[in-house]
1. Compare the peptides 103-114, 28-39 by average per-residue count of other Cβ atoms within 10 angstrom and give them in order, highest first.
2. Quick check on packing: order 175-188, 239-252 by the mean number of other C-beta atoms within 10 Å, highest mean leading.
3. May I ask you to rank 155, 26, 141, 41 by accessible area, largest first, using a 1.4 Å probe over the protein chains only?
4. Where both partners of a DSSP beta bridge lie in the range 125-263, what percent of those bridges are antiparallel, to the nearest 5?
5. Remind me, relative contact order of the range 180-263 in percent, using alpha carbon pairs under 8 angstrom and six or more residues apart?
6. What number comes out for the charge environment of residue 81, summing +1 per Lys or Arg and -1 per Asp or Glu over other residues with Cβ under 10 Å away?
7. What is the percent carbon and sulfur in the accessible area of the range 30-122, measuring with a 1.4 Å probe over the protein chains and ignoring ligands?
8. Among [x] 129; [y] 142; [z] 155, only one was calculated for this model; which label is it, if the read-out is volume of the Cα convex hull per residue in Å³?
Amino acid sequence: MKKIIVAFLCVICLVSLGGCRSFFVDEEQELYDQAVTSLFDALDRRDVEGIYNLFSPAVRNENEDLKDTIEKLISFYSGPTDQIGDVSSLGSESLYEEGEHWHNAYTTFPVLSEGNYYWVYLNLMYDNTFNESRIGITQLDFYGANDYYEFRNSDELLEDSSGLHLYNQSTGERQIISINNYPYEYREADAISIEQVKRFLETSVSLVDFKKQFGEAAASNEFGSVYLLPDQNGEKRFLNMTCEGDKIVYAKVFGSFSYIGAF
């Protein structure tokens, strides 16, 4: 799996290049942002050829059914794209050998379209002196919200193969939303008062007592509970409380796509 070897490759890169790495990081982020923007511009235009040409020539040659899968993607994701989540936390790989080199970058991020969330894994090869035909998008995994929620909560490993893969088979009826880029099963709830929460936390860190006063959480996972806060500038905000047993350890404010700050 790529995630296992990334750290080792990055250490080699840092030791070998020293200060040069910061240049590649900046360039890497810019090129990745461009690829994501180009992809969703083409998707919103329903431009099969435009999406096809974002993939590397090698991937296009290796996947004869790529255009057919793009057609299915356009049927699945009708757009328009309203918001794209944070793509700044990139994983990356680099290889240097006898004057030749390659670099790629990847991450998974949510997308919001007309009230529906999707999650996307995009792997971009942006430099390759060994084989320039590998430059471009090498892998694109597109998930429906329920499919990605089920994937995140299973022991399944991320498929590591080139081309375009669609995951839109789930028949789950959950309402899945993005909180700080991660999928949560959401239950409709009233927003709770920030001032009341601050007063509570001054005297107690018991989650049981918190629920007695503020009710059940709008979302939760194995680490804690999430409550809806009042919107700010039209954007949803959430109070995420990390717990150890009944003890509230951290309280942080998140947006749908970002960390906002400590509570």
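The values are calculated or read from the model by the stated rules, or taken from the named source; none is laboratory data. Small disclaimer: the values here were computed from a predicted structure and weren't measured. Virtual Cβ from ideal backbone geometry, glycine too; neighbours counted across all protein chains shown. Each accessible area value is taken on the protein alone, full model and side chains, heavy atoms only, with ligands, DNA and RNA left out. Shrake-Rupley method; radii C 1.70, N 1.55, O 1.52, S 1.80 Å.
1. 103-114, 28-39
2. Answer by packing, highest mean first, reads 175-188, 239-252.
3. Sorted by accessible area, descending: 155, 26, 41, 141.
4. Of all bridge pairs located within the range 125-263, approximately 85 percent are antiparallel.
5. Computed over the range 180-263, the figure is 27 percent.
6. Here the charged neighbours net out to -4.
7. 40 percent
8. Of the labelled values, this structure produces [z].
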